[in-house]
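Take a look at the structure below.
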Amino acid sequence: MSLTKRIIPCLDIDSYKVVKGLKFSSMSSVGNPVSLAKKYCDDGADELIFLDIAASKEKRKILKLLVSKVAATIDIPFTVGGGISTIDHARDILLNGADKVTINTAAVENPILIDQLMNIFGKQCVVVAIDAKRNYKINENSHHHIFVQNKTKFWFEVYTYGGTKCTGLDAIEWAKKVKKLGAGEILLTSIDMDGTKNGYDLDLTTSTVNSVSIPVIASGGCGTPEHILDVFKTSNASGALAASIFHYDFYSIKFIKKFLQKNNVNVRL
């Protein structure tokens, strides 16, 4: 039997509220983090991801008290990220109820942190988030993974600081590196598709999954159960993250899991 696929709601946090935007901007409030966490846990979520999306940009620590309140209401694996840049900070988050920590900006700026976190807390606790965007400027002498769609060439560039800073890093190559450094999992988000409800970026997800031997969570663009089915069937991602479709009650987690099961995807009901 194939491995069980995970359905993972995400709480993007700004000013103690859950927010949702489009392509990492135009944020609007959608609810209370604690009540939404309980709702998703009760509805059958396999895991929950909590991202303090303003922490890196504001150069501050994550909201520990809010993390602990959310952790106290759920009994599923809980991943927390946003502004984590040191071992002590990661320890704080884990002591406040998180099962895993996820890092993005700090991983790019200080890659050795991945190895340090893995050695202290174990690979299973370390998730590296990769936020990527299509870049249509091609340098023929570069080592980028070049994709072609409708005769147009592009590659995927890694962004940090909540999608506001380009890094020049090729997302596929960066995924390989973080795996070597000790990441236990990758949270892969398409900035182009984020909030569009037009489906996941299958080029980005498939190439990343095929390049590493650790689990990859697909993120960015989910609008229908069919989108989740597509990303599982096309890319073999281990999990699908979604926000809008749950926040706005377009579909329940139970409905999506039953839909996936009917289409021969192994899920936990």
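The values are calculated or read from the model by the stated rules, or taken from the named source; none is laboratory data. Remember, predicted model here, so these are calculated numbers, not experimental data. Here Cβ is always computed from backbone atoms with ideal geometry, including for glycine, and neighbour counts include all displayed protein chains. These area figures cover heavy atoms from the full protein model, side chains too; ligands, DNA and RNA do not enter into them. Shrake-Rupley method; radii C 1.70, N 1.55, O 1.52, S 1.80 Å.
One line per residue, one yes/no per condition, for (1) in contact with a Ser or Thr (Cβ under 8 Å, 6 or more places away or on another chain); (2) farther than 18 Å from THR4 by Cα; (3) at pLDDT below 95:
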{"residue": "ASP201", "(1), (2), (3)": "yes, yes, no"}
{"residue": "SER207", "(1), (2), (3)": "no, yes, no"}
{"residue": "SER211", "(1), (2), (3)": "no, yes, no"}
{"residue": "PRO215", "(1), (2), (3)": "yes, no, no"}
{"residue": "CYS222", "(1), (2), (3)": "yes, yes, no"}
{"residue": "LEU229", "(1), (2), (3)": "no, no, no"}
{"residue": "SER244", "(1), (2), (3)": "no, yes, yes"}
{"residue": "PHE250", "(1), (2), (3)": "yes, yes, yes"}
{"residue": "LYS254", "(1), (2), (3)": "no, no, no"}
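The residue that is surrounded by the most Cβ atoms within 10 Å (Cβ to Cβ), counting only those in the range 1-51 that are among the aromatic types (Phe, Trp, Tyr) and touching a strand residue (DSSP E or B) at 6+ places or on another chain (Cβ under 6 Å), is PHE50.
Could you pull out the residue among ILE228, ILE217 that is out of contact with any helix residue (DSSP H, G or I) (no Cβ under 9 Å at 6 or more places or on another chain), outside any loop (DSSP other than H, G, I, E, B) and open to solvent by less than 40 Å² (accessible area, probe 1.4 Å)?
ILE217
Among the residues of the range 199-213, those identified as crowded, with 18+ Cβ neighbours inside 10 Å and not in a helix (DSSP H, G or I) are GLY199, TYR200, ASP201, VAL212. Just one of (1) in contact (Cβ under 8 Å) with a residue 40 or more places away in the chain; (2) open to solvent by 10 Å² or more (accessible area, probe 1.4 Å); (3) within 30 Å of VAL108 (Cα to Cα) fails for ALA242. It is (2). Just to be sure I understand, how many residues within the range 9-46 are touching a helix residue (DSSP H, G or I) at 6+ places or on another chain (Cβ under 9 Å) and touching a residue at least 24 places away in the same chain (Cβ under 8 Å)? The qualifying residues number 20.
The lone criterion from (1) outside any loop (DSSP other than H, G, I, E, B); (2) crowded, with 22+ Cβ neighbours inside 10 Å left unmet by ASP194 is number (1). Figure legend. Inter-residue proximity from the range 160-177: first residues of a type in the set (D, E, K, R), second residues open to solvent by 40 Å² or more (accessible area, probe 1.4 Å) and assigned to a strand (DSSP E or B), beta-carbon distance below 9 Å, spacing 6+ or different chains. Indicated pairs: LYS177/LEU169. One residue stands out in the range 141-178 among those that are in a strand (DSSP E or B) and among the aliphatic types (A, V, I, L, M): the one that is least open to solvent (accessible area, probe 1.4 Å), namely VAL158. Looking across ILE114, ILE138, ILE130, ILE93, one residue alone is in a loop (DSSP other than H, G, I, E, B) and open to solvent by less than 90 Å² (accessible area, probe 1.4 Å). It is ILE138.
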